[in-house]
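S.K.: Take a look at this one; I'll ask things after.
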Amino acid sequence: MAERREIRVIAERCTGCRRCEIACSMGHCGMPTPERSRIRVLRLPPEGGHVPVLCQACEDAPCLKVCPMNARVRAETGAVITEAEACIGCRACLYICPYGAPAVAPEDGKTVTCDRCADLPGAPWCVAACRDCGALEAVRPGEAPRRACRDAAAALRPVLRPAGSRRCGS
Amino acid sequence: MRVLIVGNGIAGGEVAFGLRRAGSGAEITILSAETTPEYDPCSLPYYLGGEVPRERVFRRRWEDYRTAGIRLETGEKAVAIDPASRCVRTASGREHPYDRLVLAHGGSLFVPPIAGIDKRGVHGCKQLPDADRLDRHRGSRAVVIGSGAIGIEAAEALKKRGYAVTVIEVMDWILPALFDPETAGRLKRRLERCGIAALTGEKVLRIEGTEAVAAVVTDRRTIPCDTVVLATGVVPGVELARTAGIDVGRGIRVNERLETSLPGIYACGDCVETVDACTGEDAMFQLKHNALEQARVVTRNLLGASASYPGAWAFARAHFFDTHAVTFGKTTRATQCELGDLEIVEREAGDDYLRVIVKEGVIVGGQAIGRFADAAGLLIGAMWRRESVPALRARRALLGDGPHGTLAWTTRRLGELLGLAG
């Protein structure tokens with residue numbers, strides 16, 4: 001079994017190029033169709049940035065409880081996925097999702113969510129496609145919040161301790 | 001410890017298997033009035049409509065019970081509890097002793113007092129045997145009495161089976177408990193576009209026919225038909241508890257640990273009267289996600305923890321053919337007898353519609369059709385967190401919608417959705 005992993009989103013770095021969407025649909029359906037992507041780049045109007053949105057595989061995932069067909073299941077990899085044979089396309093999982101993450105497949109109306117490219121030994125497709133911007137990062141489970149804290153602290157350093165100032169305690 | 005569970009539905013099954021998952025060595029017995037392993041009542045309309053095969057409705061198989069060491073007594077309807085000797089008697093006369101009892105027998109279909117309701121061709125659509133009977137039934141014209149979620153889903157399923165379908169609703173709009181008239185009116189038009197007739201504000205007087213159903217007579221017309229489906233709501237099963245001396249209201253009354261007025265007897269699922277997690281008001285949301293959450297609280301308490309239940313969530317979707325709608329929290333009607341300023345935020349784009357009910361600056365409910373429904377989760381989150389809409393408006397005005405670093409994207413999306421000035 002592949003190692004468990006999470007995908008960390010660093011929205012500030014997202015340029016809205018949507019390469020992740022193309023890579024995801026290529027990887028999962030063999031076609032460069034952003035509508036089939038399990039990751040979606042949300043554009044925030046009027047001019048304010050982009051956010052890649054994908055299933056967070058919540059610990060207490062509400063979609064698992066509202067699906068009338070019990071088609072939302074937690075895979076061994078920790079990802080929460082839709083069993084396509086059971087899904088009837090009612091979108092309950094999409095409507096209860098705090099991020100609106102599940103994507104609706106255009107051909108059959110069934111929902112699909114990120115499976116962390118569990119079968120892929122290397123980086124997930126979207127992460128590989130985002131190498132230039134670095135808005136997506138494959139991390140070990142639980143690592144994402146730690147890294148976010150560290151990055152936020154690093155960003156504050158020049159503000160709290162401007163260059164040339166004396167080091168704390170010296 | 002002997003744990004006896006009455007009812008093999010979503011809640012009962014979750015308690016039994018939850019105990020085993022947590023490693024409990026208790027002797028677990030489930031008394032089921034039905035004859036199958038646990039199935040999901042939410043799945044039944046899709047089985048009936050031919051979208052999934054029958055085996056898909058089951059949540060467990062016979063061998064799951066054997067492997068987990070859970071005794072499933074089928075065809076055993078509990079009829080009496082003797083709290084003094086800690087024993088449950090079933091209709092067959094057998095007695096089942098317990099140390100801890102869990103009441104999870106749900107509710108039953110409300111059968112309205114209509115003349116002719118016992119005629120051949122009148123069906124329920126709540127349990128698997130109902131769906132099986134409807135599946136075997138051969139007819140061409142169906143009348144669905146009641147337009148709640150089950151009624152609409154049954155109507156769609158019958159339409160897909162080739163029936164001519166008429167839905168009759170006594171209230172002035174369809175899905176009256178879940179949607180406001182403004183939203184329901186749009187849904188009704190879409191229902192009619194799919195070829196399902198919806199008659200609102202109309203009362204069924206009697207069902208005619210010699211032995212089998214021949215027509216449904218309302219206060220306005222006579223509708224010839226050969227099939228009638230009752231979707232008139234679910235009443236919580238309280239008799240078993242009441243006769244045992246357990247405190248009951250609309251449903252079985254429980255404390256925040258989901259224990260009834262008799263120690264050692266817990267209750268969860270559709271038979272329980274609980275509170276709305278957002279408002280703290282008495283609530284009876286007989287929905288699957290609430291049954292599951294209640295069952296998990298009961299499981300933890302049976303395991304010796306002291307878990308409390310925060311209350312039930314109102315969340316439901318309506319889905320027929322290519323129409324998708326969602327509702328959460330309270331409807332306008334449910335807020336009308338309360339004090340406080342009400343603000344209704346409405347958005348419309350083509351066929352899509354959004355309606356958010358804001359009371360005293362806090363989102364208390366909403367409904368959405370189509371594209372707007374895709375972002376319902378953001379609104380539900382704001383409702384659960386009791387986020388202040390005026391504060392959101394002020395923050396947006398102050399910080400603007402510039403690039404990252406000012407407001408969380410979910411907040412900005414929420415502001416955009418509510419049409420607050422940025």
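FYI, it's all coordinate maths here, none of it is from the lab. Here the structure is a predicted model, which is why all the values come from computation and not from measurement. A quick note on method: Cβ atoms are made from the backbone with ideal geometry, for glycine too, and the neighbour counts reach across all protein chains shown.
S.K.: What is the local net charge at residue A:89, summed over the other residues whose Cβ is closer than 10 Å to its Cβ (Lys, Arg +1; Asp, Glu -1)? Write down the numbers at each step before the final one.
M.R.: Numbers: positive: A:91, A:110; negative: A:108, B:51, B:322.
Neighbour charge sum, excluding residue A:89 itself: -1.
S.K.: What does the charge count near residue B:245 come to, summing +1 for each Lys or Arg and -1 for each Asp or Glu among other residues with Cβ under 13 Å from its Cβ? List each step's numbers first, then the result.
M.R.: Working: positive: B:242, B:253; negative: B:82, B:239, B:247.
Taking every other residue near residue B:245 into account, the sum is -1.
S.K.: I need the trypsin sites (Lys or Arg not before Pro) found in the stretch B:214-321, filtered to DSSP loop residues with at most 14 other beta carbons within 10 Å of theirs. Display every interim value, and only then the final one.
M.R.: Details: sites: B:220, B:221, B:242, B:250, B:253, B:257, B:288, B:296, B:300, B:317; in loops: B:220, B:221, B:250, B:257.
Listed in order of number, the matching sites are B:220, B:221, B:250.
S.K.: Using a 10 Å Cβ count of at most 11 others and DSSP loop calls, identify the longest part of chain A lacking such GluC sites (Glu not before Pro).
M.R.: That would be A:108-170.
S.K.: With +1 on the Cβ of every Lys and Arg and -1 on the Cβ of every Asp and Glu, and nothing else charged, how large is the dipole of chain B about its Cα centre, in debye rounded to the nearest 20?
M.R.: On the way: 55 positive and 53 negative charges, 129 e Å.
The dipole of chain B has a size of about 620 debye.
S.K.: So, one more: Name the trypsin sites (Lys or Arg not before Pro) in the stretch B:1-62 that are in a loop by DSSP and that have at most 13 other C-beta atoms within 10 Å, would you?
M.R.: Numbers: sites: B:2, B:20, B:21, B:54, B:56, B:59, B:60, B:61; in loops: B:59, B:60, B:61.
Here the trypsin sites (Lys or Arg not before Pro) that fit, given the DSSP loop and packing criteria, are B:61.
S.K.: From zero up to wherever the largest Cα-Cα distance of the stretch B:12-131 sits, split into 10 Å bins and tell me the percent of pairs in each.
M.R.: Histogram of Cα-Cα distances, whole percents per bin: 11, 35, 34, 16, 4, 0.
S.K.: Output needed: percent of Cα pairs per 10 Å distance bin for chain B, bins running from 0 to the one holding the longest distance.
M.R.: Calculated P(r), rounded to whole percents: 4, 20, 26, 25, 18, 6, 1, 0.
S.K.: Something else about it: So what is the 222 nm mean residue ellipticity for the protein assembly as shown from helices alone, if each DSSP H run of at least 4 adds -39500 (n - 2.57) and you divide by all residues, rounding to the nearest 500 deg cm²/dmol? Write down the numbers at each step before the final one.
M.R.: Details: 17 runs with 155 residues, N = 592.
The per-residue figure over the protein assembly as shown is -7500 deg cm²/dmol.
S.K.: What relative contact order, as a whole-number percentage, does chain B give when Cα pairs under 8 Å and 6 or more residues apart are counted?
M.R.: Values: 887 pairs, mean separation 56.2, N = 422.
Averaging sequence separation for qualifying contacts and normalising by length gives 13 percent for chain B.
S.K.: Just the Kirkwood number for the stretch B:322-417, please: inverse of mean 1/r across all distinct Cα pairs, in Å, one decimal.
M.R.: Computed over the stretch B:322-417, the radius equals 14.0 Å.
S.K.: Quick check: net charge around residue B:308, other residues with Cβ under 9 Å of its Cβ, Lys/Arg +1 and Asp/Glu -1? The partial results should precede the final answer.
M.R.: Details: positive: B:257; negative: B:256.
Net of charged neighbours comes to 0.
S.K.: In peptide B:46-54, how many Cβ atoms from other protein chains are near each Cβ within 10 Å, on average? Walk me through the intermediate numbers first.
M.R.: Working: counts 6, 2, 0, 1, 0, 5, 6, 1, 0.
Partner Cβ neighbours, averaged per residue: 2.
S.K.: Under 14 Å Cα-Cα from residue A:65, which aspartates and glutamates qualify once same-chain neighbours fewer than 8 residues away are excluded?
M.R.: B:14, B:40, B:293
S.K.: Which of rounded, prolate or oblate describes the stretch B:266-374 when judged by the alpha-carbon gyration tensor and an a/c cut-off of 1.5?
M.R.: Values: a/c = 2.99, a/b = 1.66, b/c = 1.80.
Note, shape of the stretch B:266-374 comes out oblate.
S.K.: For the protein assembly as shown, what's the radius of gyration and Dmax over Cα atoms, in angstrom?
M.R.: 26.0, 99
S.K.: Counting only the backbone N, which residues of the stretch B:274-314 are under 14 Å from the spot 7 Å out from the Cα of residue B:22 toward its beta-carbon?
M.R.: Zone members listed by number: B:293-309.
S.K.: Give me a single rounded figure for A:86-93: the average over its residues of other chain Cβ atoms within 10 Å of their Cβ. Display every interim value, and only then the final one.
M.R.: Values: counts 4, 2, 9, 5, 10, 8, 9, 2.
Mean shielding by partner chains, rounded to a whole number: 6.
S.K.: Students often get this wrong, so check it: of A:110/B:203; B:160/B:330; B:159/B:288, which have C-alpha atoms separated by over 30 Å?
M.R.: Working: A:110/B:203 37 Å; B:160/B:330 32 Å; B:159/B:288 25 Å.
Check vs 30 Å cut-off fails for A:110/B:203; B:160/B:330.
S.K.: What percent does the relative contact order of the stretch B:122-230 come to when contacts are Cα pairs within less than 8 Å and at least six residues apart? Intermediate values should be presented prior to the final figure.
M.R.: Numbers: 203 pairs, mean separation 34.2, N = 109.
Averaging sequence separation for qualifying contacts and normalising by length gives 31 percent for the stretch B:122-230.
S.K.: So what is the relative contact order for the stretch B:322-417, in percent, with contacts set as C-alpha pairs under 8 Å and at least six apart? Before the final figure, lay out the partial values.
M.R.: Values: 130 pairs, mean separation 22.6, N = 96.
Here the relative contact order equals 24 percent.
S.K.: What area, in nm² and to one decimal, does the C-alpha convex hull of the stretch B:178-335 cast on average over all directions? The partial results should precede the final answer.
M.R.: Values: hull surface 50.9 nm².
Quarter of the Cα hull surface area: 12.7 nm².
S.K.: Work from the charge dipole of the stretch B:322-417 (Cβ charges, +1 for Lys and Arg, -1 for Asp and Glu, about the Cα centre) and give the residue of B:375, B:408, B:353 farthest towards its positive end.
M.R.: Of B:375, B:408, B:353, it is B:408.
S.K.: Right, next: Averaged across B:374-380, how many Cβ atoms of other chains sit within 10 Å of each residue's Cβ atom? Write down the numbers at each step before the final one.
M.R.: On the way: counts 8, 6, 7, 12, 4, 1, 5.
Neighbouring Cβ atoms belonging to other protein chains average 6 per residue here.
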